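The values are calculated or read from the model by the stated rules, or taken from the named source; none is laboratory data. Quick caveat: nothing in here was measured; it's all calculated off a predicted structure. Here Cβ is always computed from backbone atoms with ideal geometry, including for glycine, and neighbour counts include all displayed protein chains.
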Amino acid sequence: MKLFLPLLLCIATTSFGQKALKLINEKETERIERVLSADEMKGRKTFSPEIEKAATFIANEFEKNGLQKWNGSNSFLQEFSMVGRKEISKTGKINNAKVDGKNIVVISPKSELNITEKSGFEILYFDKDKNLMQSIRKIISAEKNTIVFADTSNAKLFARLSQMNSPIFSNHADIILVMTSEVPSTFEFNISQEISKQPLANVVGVIPGKSKPNEYVIFSGHYDHIGINSKNMENNDSIYNGANDDAAGTTAVIMLSKYYKELNDNERTLIFATFTAEEVGGFGAQYFSQQFNPNQVVAMFNIEMIGTESKWGKNSAYITGYEKTDMGAILQKNLSGTGFNFYPDPYPDQNLFYRSDNATLARLGVPAHTISTSKMDSEPNYHKASDEIGTLDMNNMTAIIRAIAMSAKGIVDGKDTPTRVDTSTLR
């Protein structure tokens, strides 16, 4: 009898796995998708009452599926605040000479700033030969109070920067960018802003790992879209429902949470995250990523726009940044014999690897990729009012979610570990 025990266990495990896989079915996929992309959600615009309604729905689904809350929280909502800024006044002097306000760009969550050379800010200088935009990105992400003095040859760049006034995190560092032809020995800047706090929330659920609880596998998608656009109506429709972008990905995350909770055999901890504010700057994913040591994140499956057929037809999808790790090869190996194929991103000129919610963790070395089917060179409903549930192939979308579930199993079980992203190659 002992000789047959491993075989019997294998058969039982396979049978249970197939039963769990049936939870990912077209009827349930459509139910979730239909709620998220309904007209009543009014396009799930960031900061709107409707996005809060969508968050409540997702949280209730996580509750029903038996997920735990993240990091001892009493809610599935991972709440944080952004700061909206409206300039009131800004004045400056360099070597006792006045600086034109248009040559000063302020990135700060504070209502008042009064800064001199004695304020303890890090001071950086960039001449005309420097790639200022790339440097500014690094400075902003470094989260240090910094003053950047840049040569006047950067006038066009400063004009662009002065128009960028998107919300920032409430704990953002104070950064002052100044265009000048002088090397300052003394300086003074006085800034006044109208500040408004804007609350946001990701929705996060967890299935703790059994033997490797401190190794994380993340499944994610963004649940916001772009709301109502009455100035650009299509067929008397002003609601940009975002059925494919990205109610489809959010639906997948909810379905995968149900599947893996039913199996309940994951060795690594599974994190199911639906992000807010992707469409206005990826703020939800950025905040979420700050809660992790990236070295503990083994893989991230970000799911975006899987409701339509890929360029290869049914039973296929592509993975952004495919060549940057071996994660795609692992997923394809685990789908051997299923007839489903993952392909490298066919739209490299679109820079999709950097344009979705995987990018923040990928820049830190995590094998974080986006799975999609969207034909980005010809997607007819992308960011349009016509992105409605009737344009989606629910059967194919369900097959894609199943393929993600099956292909990820080796990583979830702790048997497969993707290689890391070489951060020296990232922009």
Report task. Answer yes if at least one residue in segment 291-307 is of a type outside the set (Lys, Arg), in a helix (DSSP H, G or I) and crowded, with 24+ Cβ neighbours inside 10 Å, and no otherwise. Result -> no
Report summary line: Note: among Phe189, Phe158, just one is crowded, with 18+ Cβ neighbours inside 10 Å and part of a strand (DSSP E or B), namely Phe189
Requested in this report: Inspect all residues belonging to segment 235-253 and state whether any of them is surrounded by fewer than 17 Cβ atoms within 10 Å (Cβ to Cβ) and of a type outside the set (S, T, N, Q).
Outcome: yes
Report summary line: Taking segment 284-305 and keeping only residues that are touching a strand residue (DSSP E or B) at 6+ places or on another chain (Cβ under 6 Å) and not polar (S, T, N, Q), one is left with Gly284, Ala285, Tyr287, Phe288, Val297, Val298, Ala299, Met300, Phe301, Ile303, Glu304, Met305
Query raised in the report: Just wondering, is there one or more residues in segment 346-355 that are more than 30 Å from Ser424 (Cβ to Cβ) and over 19 Å from the mean Cα position of the chain (by Cα)?
Result: no
**Report entry** Tally, over segment 56-98, of residues that are closer than 24 Å to Ser166 by Cβ, among the small types (Gly, Ala, Ser) and over 23 Å from the mean Cα position of the chain (by Cα)
**Finding:** 2
Query raised in the report: Within the bounds of segment 338-345, is there any residue that is surrounded by fewer than 24 Cβ atoms within 10 Å (Cβ to Cβ), of a type in the set (Ser, Thr, Tyr) and closer than 24 Å to Ser37 by Cα?
Result: no
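With respect to Ser170, is the statement that it is surrounded by 17 or more Cβ atoms within 10 Å (Cβ to Cβ), touching a Phe, Trp or Tyr at 6+ places or on another chain (Cβ under 8 Å), closer than 23 Å to Phe275 by Cβ and small (Gly, Ala, Ser) true? I'd like the intermediate steps shown before the answer.
Working: surrounded by 17 or more Cβ atoms within 10 Å (Cβ to Cβ): no; touching a Phe, Trp or Tyr at 6+ places or on another chain (Cβ under 8 Å): yes; closer than 23 Å to Phe275 by Cβ: yes; small (Gly, Ala, Ser): yes.
So Ser170 does not fit the description; no.
Looking at segment 211-219, can you tell me whether even one residue there is under 27 Å from the mean Cα position of the chain (by Cα) and either outside the structural domain of Lys42 (by TED's automatic domain parsing) or among the acidic types (Asp, Glu) (or both)? Quick ask: steps written out before the conclusion?
The initial filter retains those residues of segment 211-219 that are under 27 Å from the mean Cα position of the chain (by Cα), namely 212-219.
Those still in the list that are either outside the structural domain of Lys42 (by TED's automatic domain parsing) or among the acidic types (Asp, Glu) (or both) too: 215.
Among the residues of segment 211-219, at least one is under 27 Å from the mean Cα position of the chain (by Cα) and either outside the structural domain of Lys42 (by TED's automatic domain parsing) or among the acidic types (Asp, Glu) (or both), which makes the answer yes.
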Query - From the options Asn229, Asn293, residue that is free of Cβ contacts under 8 Å to residues at least 24 places away in the same chain and in the same structural domain as Lys384 (by TED's automatic domain parsing) - result: Asn293
Requested in this report: Check whether at least one residue in segment 223-231 is under 30 Å from Glu61 (Cα atoms), in a strand (DSSP E or B) and touching a His at 6+ places or on another chain (Cβ under 9 Å), and report yes or no.
Outcome: yes
Report summary line: Here the qualifying pairs (Cβ atoms under 6 Å; residues six or more apart or on different chains; first in segment 394-411 and more than 12 Å from Thr373 (Cβ to Cβ) and modelled with pLDDT of 95 or more; second surrounded by 22 or more Cβ atoms within 10 Å (Cβ to Cβ) and β-branched (Val, Ile, Thr)) come out as Met394/Thr29; Thr398/Thr29; Arg402/Ile24; Ile411/Val217
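Give segment 160-175 a look and list any residue that's more than 21 Å from Gly284 (Cα to Cα) and either touching a residue at least 40 places away in the same chain (Cβ under 8 Å) or charged (D, E, K, R) (or both), or say none.
Residues of segment 160-175 that are more than 21 Å from Gly284 (Cα to Cα), as a first pass: 160-163, 175.
Within segment 160-175, Arg160, Leu161, Ser162, Ile175 qualify.
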Report summary line: Subset of segment 373-401, residues more than 24 Å from Met41 (Cα to Cα) and surrounded by fewer than 23 Cβ atoms within 10 Å (Cβ to Cβ), comes to Lys375, Met376, Asp377, Ser378, Asn396, Ala399
Query raised in the report: What pairs come up if the first residue lies in segment 326-341 and is in the same structural domain as Ala362 (by TED's automatic domain parsing), the second is among the basic types (Lys, Arg) and surrounded by 14 or more Cβ atoms within 10 Å (Cβ to Cβ), and their beta carbons are under 8 Å apart, counting only those six or more places apart or on different chains?
Result: Asn334/Lys409
Query raised in the report: Given Ile58, Ile115, Ile51, which one is of a type outside the set (D, E, K, R), touching a Phe, Trp or Tyr at 6+ places or on another chain (Cβ under 9 Å), in the same structural domain as Met164 (by TED's automatic domain parsing) and modelled with pLDDT of 95 or more?
Result: Ile115
